[in-house]
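Read the structure below first, then the notes.
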Amino acid sequence: MDLIAQGLVEAVHRLATLDPEVLDAASASLQVSGIAVLLSLAVGMPAGIALALGAFPGRRLVLALVNTGLGLPPVVVGLVVGVLVWRSGPLGSLDLFCTRGAMILAQFVIALPEVVGLTVVAVQALDPLLRLQIAALGASRAQSLSILASEARLPLLTAAMAGFGAVVSEIGASLLVGCNIKGDTRILTTAIVTEADRGEFGAAFALAAILLALIFAVNLTVTWVQQRPRPL
Amino acid sequence: MGTATTAAAVISARELVVRRGGRVVVRVPELELAPGETLVLLGPNGAGKSTLLLALALLIPSEGELRVEGEPVRDKVATRRRMAVVLQRPLLLDRSVLENVVLGQMLRGASHKTAEDRAHTWLGRFGIAQLSRRQARTLSGGEAQRVSLARAFALEPSVLFLDEPFAALDAPSREAILADTAGVLADTRTTAVLVTHDRDEAASLGDRVAVLIDGEVRQIGAPEAVFSAPADPQVALFVGVETILPAHVTEVSDEMTRLDVGGLTIEVTDVPPQGDRFPLLLIAPTDVVVSRDDASGSARNRFSANVVRVENIGRVVRVVLDCGFPLVAHLTRASVRELGIAKGVAVVASFKATSPHLLPRRRPGVSTSTRV
């Protein structure tokens, strides 16, 4: 119990003094996970809408793969991405190994099935005739998709939230492809592990507190947008 | 139908076929929509009415030739932008009422100002101007369908498609919205196609009625013509003729056709179709008069009958009689009470010689539909 108490005191101290190590890890986490989620939304939402509305051979198989992807272990993703970006790997020429770029790539792969899967559910929950009505209003295909996405905006925010939640607390993939370099690829989760390994529980708690606060802040914002009362 | 395609037709379809899973569900050799007319597609559930409407509105694929205002359809999106569709459910977007009415106009290139002005005009026209700022999802069913109608009329379409727009509404809303829509259609002379299975709706809104059964237009014409002279037994059943009897022509004179039905003689003014000696005799239930004695009335056909069944079917009572042949009459509740109609009671059933209608026993081929 003493350890926890000490740790909490140190956490408050480090936060109050804006400890650069803590701030570095927090900003790296935000940057890596933020970009990864934005990329997964940019790719995953259109893909999810297409999967929800499209009719093509193999659609069910793709859906099954997406659903399998929801439970993808990050460490496995890290292993595969690590092999790809490894100096002699197929993407070796991009020189991504042990960079934030490689971490973004890995987290993108982790977030993508979350975003695609939840987008499919969000769009399929819409009235199937709505598509017909939107087409009847005179919308082109692209306009239809954007109107449908706007109709599903609340559940799509959930998709974004779930994607962020999946990657910001992930550790295995980031360790494997980012190499946990202090001041560069060290993010909140990998920093917590490093500090705890060294017996620096104060630092570990401080980082954990920041991680929780970050997740809470992002979810609070999205929930606020999602649940704000609408004028009657 | 049966006339050559004219440039004036707003919609003209030839050999229109809609398939579902490889199976033909709608086949229409020819259909034209004249400017300003309201064509009602009437038929039982599953007849293909909505499918035909959606095909004409270019919302589902079809084969055959379809012309809109004389032009073959090349760009579906561009052609849809000259049409408007109101479906059974209002299908409003999760936005304000005003935004819902504005959106389609904007998609068609209207300026925001024009679209808003027109939206206010049409919301007012449908009696819901005060709802323009409300979120669509907070509206009642009737209010939402009014918004859907305002949204469609605000598009000022060349042709308006209405797919059972009143079917999901409660009775008072339905009557009010039906009346408003009839008024607006008449005022704007908007060319329209209305799908319904309600005969009263068809009669009150339609300039012409097309009866669809099993994906085919079995008869098309003015509502009164279709209702009084159905083209085949299935149409007859659908438009409410409940007595259809096989008859034998025993005598044809200038004024009268004499028929034998189950050993009894029935006289009608209708002429047997194509000189058919074994036609079908159609008697509408509203044409049958039921009394307790033989004294009154001038009807030529009078028969002693027994009441076999009495059923309440909404506003009227359906009475099945046995006169030596089965005969169905519709009576008001008051008449049933006054006459003491009940199962087993002996009555006199009569109908005029001018009311029944004769049909050939075999239904002629697909192209029976005639322009009346």
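Taking amide H positions as modeled 1.01 Å from N, with prolines and chain starts lacking one, the residues under 5 Å from B:Thr243 and 5 or more places away or on another chain are B:Ile283, B:Val328. For segment B:43-119, what class follows from the C-alpha gyration tensor (a ≥ b ≥ c being the square roots of its eigenvalues): rounded when a/c is under 1.5, otherwise prolate if a/b is larger than b/c, else oblate? Because a/c hits 1.5 or more and a/b fails to exceed b/c, segment B:43-119 counts as oblate.
Take every pair of alpha-carbon atoms less than 8 Å apart whose residues are at least six positions apart; their mean separation over the length of chain A yields a relative contact order of 34 percent. Local charge sum around B:Gln105 (other residues, Cβ-Cβ under 12 Å, Lys/Arg +1, Asp/Glu -1)? Every neighbour counted, the sum reads +1.
Between the exposed loop cleavage positions of chain A, defined as trypsin sites (Lys or Arg not before Pro) in a non-H, G, I, E, B DSSP state with at most 12 neighbouring beta-carbon atoms within 10 angstrom, the longest gap is A:88-181. Each Lys or Arg adds one and each Asp or Glu subtracts one; over the other residues with Cβ under 13 Å from the Cβ of B:Arg318, this totals +2.
For the protein assembly as shown, the normalised intensity computed at q = 0.06, 0.09, 0.10, 0.12 Å⁻¹ comes to -0.53, -0.86, -0.97, -1.16 (log10 of I(q)/I(0), Debye sum over alpha carbons, equal scatterers, no solvent).
Given the DSSP H assignment, sum -39500 (n - 2.57) over each helix run of at least 4 residues in chain A and divide by its residue total; what's the result at 222 nm in deg cm²/dmol, nearest 500? So the calculated ellipticity at 222 nm is -25500 deg cm²/dmol. The mean number of partner chain beta-carbon atoms within 10 angstrom of a residue's beta-carbon across peptide B:90-101 is 3.
Estimated from helices alone, the mean residue ellipticity of chain B at 222 nm is -7500 deg cm²/dmol (sum of -39500 (n - 2.57) over DSSP H runs with n ≥ 4, per residue). Gyration tensor analysis over the Cα atoms of segment A:2-226 returns equivalent ellipsoid semi-axes of 37, 22, 13 Å (largest first, whole Å). In the Gaussian network model of chain B, springs joining C-alpha atoms below 10 Å, which of B:Leu339, B:Leu123, B:Leu41 carries the largest mean-square fluctuation? Among B:Leu339, B:Leu123, B:Leu41, the largest GNM mean-square fluctuation belongs to B:Leu339.
Can you tell which of B:Ala182, B:Val268, B:Ala110 lies farthest toward the positive end of the dipole of chain B, using +1 and -1 charges on the Cβ of basic and acidic side chains (Lys, Arg; Asp, Glu)? Positive-end residue among those listed: B:Ala110.
Computing FRET efficiency as 1/(1 + (r/R0)^6) for B:Phe278 and B:Ala8, where r is the C-beta to C-beta distance and R0 is 56 Å, gives about 0.85. Computed about the Cα centre, the dipole magnitude for chain B is approximately 1140 debye when only Lys and Arg (+1) and Asp and Glu (-1) carry charge, each at its Cβ. Its Cα centre serving as origin, the protein assembly as shown has a Cβ charge dipole (Lys and Arg +1, Asp and Glu -1) of approximately 280 debye.
Annotation: amide H-H contacts under 5 Å for B:Val85 (H modelled 1.01 Å from N, sequence separation of 5 or more, or interchain): B:Phe161.
Averaged over the residues of B:102-114, the number of partner chain Cβ atoms lying within 10 Å of the residue Cβ comes to 2. Based on C-alpha pairs under 8 angstrom that are at least 6 apart in sequence, chain B has a relative contact order of 16 percent.
Only the coordinates and a few stated rules stand behind these numbers; no lab work does. Just so it is clear, the model here is predicted, and its values are computed rather than measured. Neighbour counts are summed over all protein chains in view; Cβ atoms, including those assigned to glycine, are modelled from backbone coordinates with ideal geometry.
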